[in-house]
Amino acid sequence: MLKFNFFYLLLIFSVSSNFLYAIEQITPQRLLNNSCILKEFSPPNIPFPLVKVNKEATQSVNFVILDSIANAFSYFTESQQPFVFIPEINQLITIKRGYWDVERYPDYIGDDTKDNLFILYSTNWGKTWSKPILVYKVATSGSYWNWYARYPSVYAFDYDNEVAYVFTAPVTNRSGWVGFINGLYYQENSFINYSRVFTWKDGNRYNWGGTDSRIVAGMDGGEPYAQAVGTIMITGGLPLTLTSHLGFRRTTDFDIWKEEIPPQWEASKFKTPVSQTGEDSLRTSAIAGFKYAIDGNLYMAAYANFAESPLNRFYFGVSKSTDKGKTWSDFDIAPPDLLNSYLANYGLDISVVTWQLPQFVPLGNNNYSFVTNLNEDTTRTLRPYSDALHQLVEIYKENGVWGVRKVADLSGFILAYVGVNNQMGEETQLSITVDGTTLVCKWVDFVDVQTPDTIYRRLTNDIFASYRRLGSSLWSVPKNITESLDFDRITWIPDKVPSELNNIPILKLQSIPLPGQSDAEARIRQRTLDTVPQYLMLGFFNLDGGTPAPVIGDSNPEILIESVYPNPIFDRGFVHFSSSGNNFLTIELIDIFGRKIETIFSGNVGIGLQGITFSTENIPSGNYLVVATSNGKIFAKPITILK
């Protein structure tokens, strides 16, 4: 067992809510086409307590205090992984910053500060926890004495029958981002490395841009390793042709972390940003996920404006490694017209709908799932915001087929914070069960509250969850797991959840209340993140009794080829089709003499809009037919291949 070589003191005290200080911006470089049209909403202050027509549900989460932190920014970005479950060591782990804010309280001289990092772990799915373990302490001298940790991520693995914890975090010197710390905590010792500016093979100097801090680790041929991914920009931000690299830093000795830009992740794989001023730093790539799948392979999901995509929009692609992250495949990109066809069912197209950084889970065997938020831009459609399209959708690949399906309808509103913008949106997260059979999606949304006298619109927000069994085409009916008048914000479920869908652990932050506050003052305080300390709250919820979604589909399903594009095809084509039920489908490429040139796809498909990517690299120029056969029916579309 690990031994603790320091004492941890949980300190709870009052802090003036009008003591303001500056916080770092979430990212110093601007992403293009990465905005999701969401309205921040400030709920009304009304008399409390309320008598609700619908009382709190008996299954609502009972949150308890796990710890306390200085502010909400330990967990305040979708680009980190602060809450993980590692099946190989049976540990649930979280990493967080400390409690004391030394700017406000300069007399504090201990280690429990907001600039240091602590790990807590549980071996029984969160029922009991270790004391916080100090794993990173700001140096008091040397080159990196003012590197303060923010937005940390954590992972762990078994190394010689002892648990080794690895972590990474962007760091600031309180005037801007200066790089990353990378660390190993093993046998009660921390081994720290710093990543900042480096020279790449092209002779240019680069730095780690943004705050992505995802990390994995394990054993490779008997030797330990760790690897973190991030965005890389040329120093100074120009030229824009070199601002959209993705890369990783990797170590096997935990002394030196070597930077790498895989050829498949270079900026040339993404469209060059178009500057409006000639001086601004822009990028057209971001990271949506970095995870191992049940097949043992490592997958990196990019949210990017891919050079080969005709959309000229940020979209979804996946790169795969079969050698524990050392080499990578080209991106497998979702068919670009898939969402357009889905939106046509609502009388919309992608020109009037935005989406945001998706959540990602690899399912193994080249199958994956993304969940993202779709929001209608009512400044273009001129419809009332409440009547517009606001949805969670899943964009997935199963058995070689891409598809899109709805997870849930949303309000389109997010909680307005005091003093800082809401950067987490609806707090959407996508996880998978330990046995790899079920996806779980969690999000936060506004709800109305009904009393005997009136209905208060969007008075509070609650946490919702839904699940989908792999092999099923439908998500369960969303379940409100909190149903309280409290504001639910900065919420996290682990990257893997119990296979039985019972006692799923969930974290959230709650501003520490002040004695003597009125109900209205207390609710305003709950919308304050940076100037007040926070409780780290822990709860559990169940999904196994969730209401299954209604079964939709024909007993005699039909398949219709919607389109084959682009046409003409130069190197890669997409077959887009819809299916009214589960069916077996064969798609073949036939030449003008009726000869089969290639089988594009043969297998089972589910319900909904779907798409298949195929290569024409080894096919001569000419005219062809794409022929689909399903349920005794044949459909054909003519195409032209040009070299």
* One residue from Thr613, Thr547, Thr528 being under 30 Å from Lys508 (Cβ atoms) and either at pLDDT below 90 or among the aliphatic types (A, V, I, L, M) (or both) -> Thr547
* Asked: For residues in region 194-221 being aromatic (Phe, Trp, Tyr) and farther than 27 Å from Gln359 by Cβ, which is surrounded by the most Cβ atoms within 10 Å (Cβ to Cβ)?
  -> Tyr206
* Structure fact -> Of those in region 263-309 that are of a type in the set (Ser, Thr, Tyr), touching a strand residue (DSSP E or B) at 6+ places or on another chain (Cβ under 7 Å) and part of a loop (DSSP other than H, G, I, E, B), the residue farthest from Gly237 (Cα to Cα) is Ser309
* To do: Can you run down the residue pairs with Cβ atoms below 6 Å, 6 or more apart or on separate chains, where the first is in region 80-104 and on the phi > 0 side of the Ramachandran plot and in contact (Cβ under 8 Å) with a residue 12 or more places away in the chain and the partner is assigned to a loop (DSSP other than H, G, I, E, B) and hydroxyl-bearing (Ser, Thr, Tyr)?
  => Asn90/Thr123
* To do: Return the only residue of Asp495, Asp453, Asp435 being of a type in the set (Asp, Glu), out of contact with any strand residue (DSSP E or B) (no Cβ under 7 Å at 6 or more places or on another chain) and in contact (Cβ under 8 Å) with a residue 40 or more places away in the chain.
  => Asp435
* Might you check whether a residue that is over 30 Å from Leu66 (Cβ atoms), at pLDDT 85 or above, in contact with a Gly (Cβ under 9 Å, 6 or more places away or on another chain) and assigned to a strand (DSSP E or B) occurs anywhere in region 558-565? => yes
* To do: Only residues that are at pLDDT 85 or above, surrounded by 16 or more Cβ atoms within 10 Å (Cβ to Cβ) and not charged (D, E, K, R): list them for region 579-589, please.
  => Ser579, Leu585, Ile587, Leu589
* To do: Could you grab me the full set of residues in region 387-416 that are in contact (Cβ under 8 Å) with a residue 40 or more places away in the chain, crowded, with 22+ Cβ neighbours inside 10 Å and part of a loop (DSSP other than H, G, I, E, B)?
  => Gly412
* Selection from region 123-150 of residues that are over 26 Å from Asp530 (Cβ atoms) and of a type in the set (S, T, N, Q) -> Thr123, Asn124, Thr128, Ser130, Ser141, Ser143
* Asked: Can you name the number of the only condition in (1) within 26 Å of Arg283 (Cα to Cα); (2) surrounded by 16 or more Cβ atoms within 10 Å (Cβ to Cβ) that Pro224 fails?
  -> (1)
* Asked: Only one of (1) over 21 Å from Phe85 (Cβ atoms); (2) among the aromatic types (Phe, Trp, Tyr); (3) out of contact with any Leu (no Cβ under 9 Å at 6 or more places or on another chain) is not met by Tyr225, so which one is it?
  -> (1)
* Unmet requirement for Phe73, which otherwise passes all of (1) of a type in the set (A, V, I, L, M, F, W, C); (2) modelled with pLDDT under 95; (3) in contact with a Ser or Thr (Cβ under 9 Å, 6 or more places away or on another chain); (4) not in a loop (DSSP other than H, G, I, E, B) -> (3)
* Asked: Which ranges mark the strands (runs of 3 or more DSSP E) fully within region 147-208 that have 2 or more residues being within 23 Å of Tyr292 (Cβ to Cβ) and in contact (Cβ under 8 Å) with a residue 40 or more places away in the chain?
  -> 153-159, 162-172, 177-186, 189-195
* **Residues of region 604-628 satisfying the condition of being among the polar types (S, T, N, Q) and over 37 Å from the mean Cα position of the chain (by Cα)** => Ser621, Asn623
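Can you go through Trp177, Trp145, Trp125 and tell me which one is modelled with pLDDT under 95, assigned by TED's automatic domain parsing to the domain that holds Thr211, surrounded by fewer than 23 Cβ atoms within 10 Å (Cβ to Cβ) and under 23 Å from the mean Cα position of the chain (by Cα)? Working first, answer last.
Details: Trp145 fails: under 23 Å from the mean Cα position of the chain (by Cα); Trp125 fails: modelled with pLDDT under 95.
Only one candidate qualifies: Trp177.
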* **Single residue of Ile95, Ile65 found to be outside any helix (DSSP H, G or I) and in contact with a Pro (Cβ under 7 Å, 6 or more places away or on another chain)** => Ile95
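Here's the yes/no breakdown for (1) assigned to a loop (DSSP other than H, G, I, E, B); (2) basic (Lys, Arg):
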site	(1), (2)
Ser602	no, no
Gln610	no, no
Asn618	yes, no
Pro638	no, no
Lys643	yes, yes
* Asked: Would it be correct to say that Gly325 is outside any helix (DSSP H, G or I) and at pLDDT below 95?
  -> no
* Structure fact -> In region 293-309, residues that are within 11 Å of Lys271 (Cβ to Cβ) and either outside the structural domain of Thr437 (by TED's automatic domain parsing) or surrounded by fewer than 17 Cβ atoms within 10 Å (Cβ to Cβ) (or both) total 2
* Asked: Could you say which residue among Ser615, Ser579 is of a type in the set (Gly, Ala, Ser) and farther than 26 Å from Ala344 by Cβ?
  -> Ser615
* Structure fact -> Restricting region 462-477 to residues that are assigned to a strand (DSSP E or B) and touching a residue at least 60 places away in the same chain (Cβ under 8 Å), the one farthest from Glu426 (Cα to Cα) turns out to be Arg468
* What tally of residues in region 345-358 results from selecting those that are closer than 18 Å to Pro310 by Cα and either more than 24 Å from the chain's Cα centre (by Cα) or not small (Gly, Ala, Ser) (or both)? -> 6
* To do: Answer yes or no: is there a residue in region 428-443 that is surrounded by 21 or more Cβ atoms within 10 Å (Cβ to Cβ), touching a Cys at 6+ places or on another chain (Cβ under 8 Å) and not in a strand (DSSP E or B).
  => yes
* To do: Determine if region 621-632 includes at least one residue that is farther than 30 Å from Val61 by Cβ and modelled with pLDDT under 85.
  => yes
* To do: Kindly provide the set of residues from region 444-461 that are hydroxyl-bearing (Ser, Thr, Tyr) and part of a loop (DSSP other than H, G, I, E, B), ordered by number.
  => Thr451, Thr454
* Scan region 308-321 and give yes if some residue there is touching a Phe, Trp or Tyr at 6+ places or on another chain (Cβ under 9 Å), within 30 Å of Pro224 (Cα to Cα) and among the polar types (S, T, N, Q), otherwise no. => yes
* With the condition kept exactly as written, say whether any residue in region 402-409 is at pLDDT 95 or above and closer than 25 Å to Tyr75 by Cα. => yes
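The values are calculated or read from the model by the stated rules, or taken from the named source; none is laboratory data. All values reported here derive from a predicted model rather than from experimental measurement. Please note: Cβ atoms are built from the backbone with ideal geometry, for glycine as well, and neighbour counts cover all protein chains shown.
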